[in-house]
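Below is one structure; the comments refer to it alone.
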Amino acid sequence: MEKKKIAIVFGTRPEAIKMAPVILELQKHQEKFESCIIVTAQHREMLDQALAVFDIKPDYDLDIMRQNQTLSDITADVLKGIETIFIKEKPDMVLVHGDTTTSFAAALAAYYHQIPIGHVEAGLRTHDKNSPFPEEGNRQLIDTITDLFFVPTETTKQNLLKEGKDEKWIVVTGNTVIDAIHYTKDSQTKHSALDLMDSKPNQKWILLTSHRRENYGEPMANIFEAILEVVNEHPEVDLLLPVHLSPTVQEVARKILGSHKRIHLIDPLEVDVFHQVISKAYLVLTDSGGLQEEAPALDIPVLVLRDKTERPEGLKAGTLRVIGTDKNRVIEEVNELITNEERYNKMSKAINPYGDGLASGRILEEINYYFKGKNRGLS
Ligand code: UD1
Ligand code: UDP
């Protein structure tokens, strides 16, 4: 079989972290595959930070990020920018990840150019197009035009089967985020945030992240006000918040949480440092998607600051609780986990429903089969 050219397109921090293991695996198989790494730079600093940890150098960089960009800005810039590259490079397959607007626009460009699409982390669903917004819409739209579905779990496979997708092209691989954790686990990278946590080892450290567009405005203010009350009430608690670079998040975080001596607002962390921070935390409080997978894999309980989750595996395993953004509910739920040892211990028992760290190898194997005109139907 002649070498196949695989274009990998991504643009944000989480996509970079979850696609990095696939890229590293592709690069190990240069006898079969040629890689073409295209970043849209929907995120700039946060993308570059993730690329540096894995030492990945893109072949193309669309550099589209603007301050407070709209979803239409991202879609239009990616669609047009990618087209030129696809025409020049003529990839045999395009890989996209998850549910960002970069992924949706890149998949659409591939579809228009009739290039087969492989969707990594396919099949996640809440079935509510407004939650999370616009990610639920993006992933459903991507899966409508996907050729090869790489799903992280059996549940996500079932979601696609219920939508009538052909089982032949659905492969259960595990989530590549576990591959990424295997990559970062021996990191010795030092950071002042780690020193800070180590300097107060008896504190209960809460790690908070929040960035979702549907939480912009009142819900995010509620979350931050709730956590301020919790920290005020509990002298044994310190809070670490690596603040997302979105100006909307920056503004409200600094306004509500910017001046408390046990609340530490810091810049986004390199992912190898961030994984160490999760491991040292007592509890994770987040509206992030990726953290709902990473924290359970690192044995840390997660309270999810959303109304719905597309990751029911963590709920079933008992390591996640979906608590929404109502101020009183957030206070109640966090208080409960700080004070109720039995509930805390139940949630922090080691369960990782997201795979064995070998997802990238399975993805590559299946792409190989695809080009031989076969499918293995791994499950
Ligand atoms: C995007 C994704 C979301 C994903 C999140 C991960 C969409 C619609 N949203 O949301 O699914 O969960 O990334 O973090 O695809 N900014 C910087 N520097 C950076 C990154 C962001 O300054 O490195 C600022 C810019 O002003 C940018 C704004 O943040 O306009 C928002 O970024 P954007 O990618 O539009 O939205 P996110 O909330 O990051
Ligand atoms: N992350 C990071 N540094 C930080 C915060 C998060 O490297 O300061 C990583 C985290 O480990 C996870 C990913 O970023 O892999 C999650 O990204 P985010 O929450 O921005 O997006 P989502 O997962 O919600 O799409």
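The values are calculated or read from the model by the stated rules, or taken from the named source; none is laboratory data. Here the structure is a predicted model, which means the values were calculated and not measured. Here the Cβ positions follow ideal geometry from the backbone for every residue, glycine too, while neighbour counts run over all protein chains shown. When the accessible area is computed, the model is the full protein with side chains, heavy atoms only, and any ligands, DNA or RNA have been set aside. Shrake-Rupley method; radii C 1.70, N 1.55, O 1.52, S 1.80 Å.
How much mean residue ellipticity at 222 nm does the chain get from its helices, if each DSSP H run of length 4 or more adds -39500 (n - 2.57) and you divide by all residues, to the nearest 500 deg cm²/dmol?
When only DSSP H runs of four or more count, the value is -14000 deg cm²/dmol.
Mind pulling up the Rg/Rh value for the range 245-366? Radius of gyration and Kirkwood radius, both on Cα.
In the range 245-366, Rg relative to Rh is 0.99.
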Discussion item. Filter the chain for me: DSSP H helices, axial length by Cα at least 20 angstrom, mean Kyte-Doolittle hydropathy not below -0.5. List them by residue number.
Written reply: 13-28, 71-89, 218-233
Discussion item. For the pair Lys90/Glu31, report the inter-label distance in nm, with labels modelled 7 Å from Cα in the Cβ direction.
Written reply: 2.6 nm
Worksheet, complete the sentence: the chain accessible area per residue, 1.4 Å probe, protein heavy atoms, integer Å², reads 41 Å²
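What are the GluC sites (Glu not before Pro) within the range 31-109 that DSSP puts in a loop, where the Cβ has at most 10 other Cβ atoms within 10 Å?
Counting only loop positions with at most 10 other Cβ atoms within 10 Å, the GluC sites (Glu not before Pro) in the range 31-109 are Glu31.
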Worksheet item: Going down the list Lys185/Lys316; Lys200/Lys261; Lys165/Lys316; Lys57/Lys372, which pairs span over 19 Å between their C-alpha atoms?
Response: Lys185/Lys316; Lys165/Lys316; Lys57/Lys372
Practice prompt. Any chance you could run the full-extension gain for Asp326 through Lys4? It's 0.36 nm times the residue separation minus the Cα-Cα distance, nm to one decimal.
Written response: 110.9 nm
Worksheet item: How long are the three semi-axes of the equivalent ellipsoid for the chain, computed from the Cα gyration tensor as the root of 5 times each eigenvalue, in whole Å, largest first?
Response: 35, 21, 20
Discussion item. Given points 7 Å out from each Cα along the Cα-Cβ axis, report the Asp299 to His182 separation in nanometres with one decimal.
Written reply: 2.0 nm
Worksheet item: Looking at the P(r) of the range 190-281, how many percent of alpha-carbon pairs lie beyond 17 Å?
Response: 47 percent
Practice prompt. Would you mind pulling out the separation of the Cα centroids of the range 53-131 and the range 234-260, in Å?
Written response: 31 Å
Worksheet, complete the sentence: Label model pair Ala52, Glu341: point-to-point distance (7 angstrom along the Cα→beta-carbon line) in nm is 4.3 nm
Worksheet item: When Rg is the radius of gyration of the Cα atoms in the range 98-200 and Rh is its Kirkwood radius, what does Rg/Rh come to?
Response: 1.13
Discussion item. If each residue of separation counts as 0.36 nm, what is the full-extension length gain between Tyr369 and Ser72 once their alpha-carbon separation is subtracted?
Written reply: 103.3 nm
Item to complete: May I ask you to give the percent of accessible area on the chain that is carbon plus sulfur, with a probe radius of 1.4 Å?
Response: 48 percent
Item to complete: Using the 2.2 N^0.38 Å rule of thumb for compact globular proteins, work out how the range 328-370 stacks up: its C-alpha Rg over that value, please.
Response: 2.09
